[in-house]
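Only one structure is covered here, and it is reproduced in the block below.
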Ligand SMILES: *Cc1c(COP(=O)(O)O)cnc(C)c1O
């Protein structure tokens, strides 16, 4: 055994304590850590021939790399939709590494059963019935990809062919209908061999909404003349957190033949708040559902969940059994027959820890506090004369731009400069977007740590970066 490895084996507990102390210091300072780190990164070094041991590695990491890491775990990082990590979730994630289970197969470990218990909790949290089975995946992109892979197999079933066996060429033309899909839907369609071009955008409701016009969706389905299709409904768009009317879309199934996939990556968490749960009404009627967990559940990257009502079709797509053994038995085959991965990290443990530690109430509180803070920032921005909201604050995102009617190109430059200035202040991090053709900034609240005082600091950083020179 390598000498350093032998030493580390004997000193393993000391090493864990050193890492704990280091992480504790970093986390104690995360409130004041610059939200973004735009600075230069260290030059790459050659692969070491001889090592330095784990203490040496920790020391080098602390000096070379840690200073450049962003404050994305902290309270004023409001770019994209970036969750933090609750204390219990971090603990669960550390133990995931310590136990190093392969949650692909149930052989010889209860890890898969822990994942199933966690999935049942999540299903209940999002208001799904027991007809939905689930699995952990790495993120909402993969969750959408798995849901659409099952949808693809369903299209084959409707046409009397097996896509998993004979490939997408066995399918006739494929139509995927959606109002304001997340970019990951196009990526998924590309990966699945259906092609980005099969996505047809259905008009949205008037008035700057990002929710699909259900009457126009019905027309698009009607025009297919009975040919089965896939509908991707969106529960929480990234710019303005708009929600498709899931119940009305599901009701279209009475007259039209389609697979309903719902991308509820972070909008699904509206179900936790009694005042906002109506936004996700109808989610249970979906054939497949995507929810991210590293966003609003506040577990560390990377984790998401996918649910579907057709585990049988999912197994056809993802089974990893020798053909002569037949397909794995339902329900609840080993997870390696359900997801793109065969060997799998026990991602469920971080979620299990957080749900056990804080329960439904604790996670509802995170969601409701974030929503209240988004309204607080939205109200303050609406109260300025030089900024304006591009949409009402519907949930946890504030989408705003400069007041006035500058041409889009000039506005785009001002928005980009403002985003850079906010990031350079270290006080906050916001990401730019273009909503309905108008360049804008977004502030997305999804971190358990964020407080009212943080929100006021974000407002001040935004004001400093956008206020007209006097
Ligand atoms: C974030 C997001 C995704 C993609 O999620 P990843 O976890 O980054 O793969 C998909 N859909 C929506 C609506 C999202 O907000």
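Points worth noting:
- Between the stretch 259-274 and the stretch 354-380, the alpha-carbon centres lie 16 Å apart.
- Sequence of 99, 301, 358, 77 once ranked by neighbouring C-beta atoms within 10 Å, starting from the fewest: 99, 301, 358, 77
- Equivalent ellipsoid, the stretch 214-354 (semi-axes from 5 times Cα gyration tensor eigenvalues, Å): 28, 24, 11
- By average C-beta atoms within 10 angstrom, highest first, the peptides 15-28, 176-189: 176-189, 15-28
- 290, 399, 198 arranged by Cβ crowding within 10 Å, fewest neighbours leading: 198, 399, 290
- A simple spin-label model places the labels of residue 219 and residue 386 4.3 nm from each other, with each point 7 Å out along Cα-to-Cβ.
- Long-range Cα-Cα pairs in the stretch 381-454 (distance over 19 Å), rounded percent: 35
- Taking all Cα pairs closer than 8 Å and separated by 6 or more residues, the relative contact order of the stretch 267-355 comes to 20 percent.
- Relative contact order, percent, the chain [alpha-carbon distance under 8 Å, six or more residues apart]: 22
- At 1.306 mPa s and 10 °C, Stokes diffusion of the stretch 77-160 via Kirkwood alpha-carbon radius, µm² per second: 101
- Between residue 406 and residue 420, the modelled labels are 1.3 nm apart [label points 7 Å from Cα along Cα→Cβ].
- Per-residue [θ]222 nm for the chain (sum of -39500 (n - 2.57) over DSSP H runs n ≥ 4, rounded to 500): -12500 deg cm²/dmol
- Pairwise centroid distance, computed over Cα atoms, of the stretch 424-470 with the stretch 25-45, Å: 19
- Ranking of 291, 174 by neighbouring Cβ atoms within 10 Å, starting from the fewest: 174, 291.
- Estimated FRET transfer efficiency when R0 is 22 angstrom, pair residue 464-residue 434 (beta carbons, to 0.05): 0.40
- Rg over Rh, two decimals, the stretch 347-416 (C-alpha only, Kirkwood Rh): 1.22
- Computed with the Debye formula from one identical point scatterer per Cα of the chain, without solvent, the log10 of I(q)/I(0) at q = 0.07, 0.09, 0.11, 0.12 Å⁻¹ comes to -0.40, -0.67, -0.97, -1.13.
- Beta bridges from DSSP with both residues in the chain: antiparallel share about 60 percent, rounded to the nearest 5.
We did not get these values from a lab; they are worked out from the coordinates using the rules stated. This is a predicted model, so every value here is computed, not measured. Note that we place each Cβ from the backbone using ideal geometry, even for glycine, and neighbour counts take in every protein chain shown.
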